[in-house]
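Participant: Dumping the structure here so I can ask a few things about it.
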Amino acid sequence: MESPAFDLAFELAYGRAVPAAPGVERITAENPGPFTFYGTNSYIVGSSSVAVIDPGPEDEAHYQALMAALAGREVTHIFVSHTHRDHSPLARRLQAATGAVTVGQGPHRPARPLRDGEINPFSESSDLAFVPDIALGDGQTLSGDGWALTSVPTPGHTANHAAFALEGRDILFSGDHVMAWSTSIVAPPDGSMADYMASLERLMERADRLLLPGHGGPVTAPAAFLQGLKAHRLGRERAILERIRAGDRGIAEMVKAIYRDTDPKLHGAAALSVLAHIEDLVERGEIAADGPPSLAATYRLL
């Protein structure tokens, strides 16, 4: 299976701000896990008048660390890449304390409606209460003292995911769409593989020199890394088609074979990733299901 050159190196510094790039500081929340790596990265952009990107989970220690780093500075904007509970909830307390406006692509929404009898497996991970004061459209820019951030919608991980480009610096805050340490989870109905791949292509057309993600360290060679991510996803798609060709009919069978070297505790998430690929393959007419695509459906080649 083709893979990008993942980088697990990370300067871990809970509770304090560290430089991420000139004029950019990173504070990492202490919420490590299999999907968050060491924790959620919050970024402070600017000097005397600043923007905060992804304030993070509702966590007292992280809130206090942010407020300490922001002491003596005006916070004018709070940008949110997407509405998972490890990224957006602290925006409410930070806004109450600073008076800053919140900015995002929009409130939480699924990539497609729930099907009859379907349960959203990540519903508890979604921050349904967050509604940005400013819903930033594609290519729209907001600026402050020495910084300007432009919205680059990147649906896929969630339907309302957006990256933010730091103008004049070739730096992109990539949220959970692209991370140096791992691939992003794409899990229907919140996520869409077709959307994810289209968003990946969009970033490949850019000329960013540095990606600062929502978890883990920076992507320092974006062009090569994005090519690797695309190859990895296409390789996963081929593996699914090969398993169906070999006689597998259900997602559980495919996961056991394709993810045989993955911790079984992660097989549930892997099954949702396979479903995301399968929904795309069904939509493109390469395979068929015995009904709407689902974790329980059976599949065949066309």
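The values are calculated or read from the model by the stated rules, or taken from the named source; none is laboratory data. Computed from a predicted model, the values in this text were never measured in an experiment. Cβ coordinates were reconstructed from backbone atoms using ideal geometry, including for glycine residues, and neighbour counts include every protein chain displayed. Accessible surface areas use protein heavy atoms only, side chains included; no ligands, DNA or RNA. Shrake-Rupley method; radii C 1.70, N 1.55, O 1.52, S 1.80 Å.
Participant: Would a scan of the stretch 233-246 turn up a residue that is within 18 Å of the chain's Cα centre (by Cα) and modelled with pLDDT of 95 or more? Please lay out each step first, then the result.
Facilitator: Start the filter on the stretch 233-246 by keeping residues that are within 18 Å of the chain's Cα centre (by Cα), which leaves 233.
Subsequent filtering for residues that are modelled with pLDDT of 95 or more retains 233.
Yes.
Participant: Let me ask something additional. Can you tell me which residue is nearest to Asp116 (Cα to Cα) among those in the stretch 159-215 that are open to solvent by less than 20 Å² (accessible area, probe 1.4 Å) and of a type in the set (S, T, N, Q)?
Facilitator: Asn160
Participant: Can you tell me which residue is nearest to Phe164 (Cα to Cα) among those in the stretch 82-98 that are assigned to a loop (DSSP other than H, G, I, E, B) and open to solvent by less than 60 Å² (accessible area, probe 1.4 Å)?
Facilitator: His82
Participant: In a loop (DSSP other than H, G, I, E, B), in contact (Cβ under 8 Å) with a residue 60 or more places away in the chain and touching a Ser or Thr at 6+ places or on another chain (Cβ under 8 Å): is that true of Gly217 in this structure?
Facilitator: Against the criterion (in a loop (DSSP other than H, G, I, E, B), in contact (Cβ under 8 Å) with a residue 60 or more places away in the chain and touching a Ser or Thr at 6+ places or on another chain (Cβ under 8 Å)), Gly217 does not qualify.
Participant: While we're here: Do we have Ala69 as open to solvent by less than 70 Å² (accessible area, probe 1.4 Å), farther than 16 Å from Gly217 by Cα, in contact (Cβ under 8 Å) with a residue 40 or more places away in the chain and not in a strand (DSSP E or B) here?
Facilitator: yes
Participant: Same structure again: From Val282, Val274, Val255, which residue is open to solvent by 20 Å² or more (accessible area, probe 1.4 Å), of a type in the set (Val, Ile, Thr) and either farther than 23 Å from Leu114 by Cβ or under 27 Å from the mean Cα position of the chain (by Cα) (or both)? If you could, list the steps in order and put the result at the bottom.
Facilitator: Details: Val274 fails: open to solvent by 20 Å² or more (accessible area, probe 1.4 Å); Val255 fails: open to solvent by 20 Å² or more (accessible area, probe 1.4 Å).
Step by step, each of Val282, Val274, Val255 is checked, and only Val282 is open to solvent by 20 Å² or more (accessible area, probe 1.4 Å), of a type in the set (Val, Ile, Thr) and either farther than 23 Å from Leu114 by Cβ or under 27 Å from the mean Cα position of the chain (by Cα) (or both).
Participant: Return the residues of the stretch 192-214 that are part of a strand (DSSP E or B) and within 11 Å of Val178 (Cβ to Cβ); say none if nothing qualifies.
Facilitator: To start, the set of residues in the stretch 192-214 that are part of a strand (DSSP E or B) comprises 210-213.
The answer is Leu211, Leu212, Pro213.
Participant: So which residues in the stretch 244-300 are touching a Phe, Trp or Tyr at 6+ places or on another chain (Cβ under 8 Å), of a type in the set (A, V, I, L, M, F, W, C) and not in a helix (DSSP H, G or I)?
Facilitator: The answer is Ile287, Ala288, Ala289.
Participant: Please specify each residue of the stretch 25-43 satisfying the condition of being of a type in the set (A, V, I, L, M, F, W, C) and either crowded, with 24+ Cβ neighbours inside 10 Å or over 16 Å from Pro213 (Cβ atoms) (or both). Let's see the steps before the verdict.
Facilitator: At the first step, the residues of the stretch 25-43 found to be of a type in the set (A, V, I, L, M, F, W, C) are 27, 29, 35, 37.
Residues satisfying the conditions are Ile27, Ala29.
Participant: Suppose we filter Gly56, Gly46, Gly117 for residues that are open to solvent by 60 Å² or more (accessible area, probe 1.4 Å) and on the phi > 0 side of the Ramachandran plot; which single one remains?
Facilitator: Working: Gly56 fails: open to solvent by 60 Å² or more (accessible area, probe 1.4 Å); Gly46 fails: open to solvent by 60 Å² or more (accessible area, probe 1.4 Å).
From the options Gly56, Gly46, Gly117, the qualifying one is Gly117.
Participant: In addition: Could you list all residues from the stretch 1-24 that are surrounded by 13 or more Cβ atoms within 10 Å (Cβ to Cβ), part of a loop (DSSP other than H, G, I, E, B) and either under 18 Å from the mean Cα position of the chain (by Cα) or not aliphatic (A, V, I, L, M) (or both)?
Facilitator: Residues satisfying the conditions are Glu2, Pro4, Phe6, Asp7, Phe10, Gly15, Gly23.
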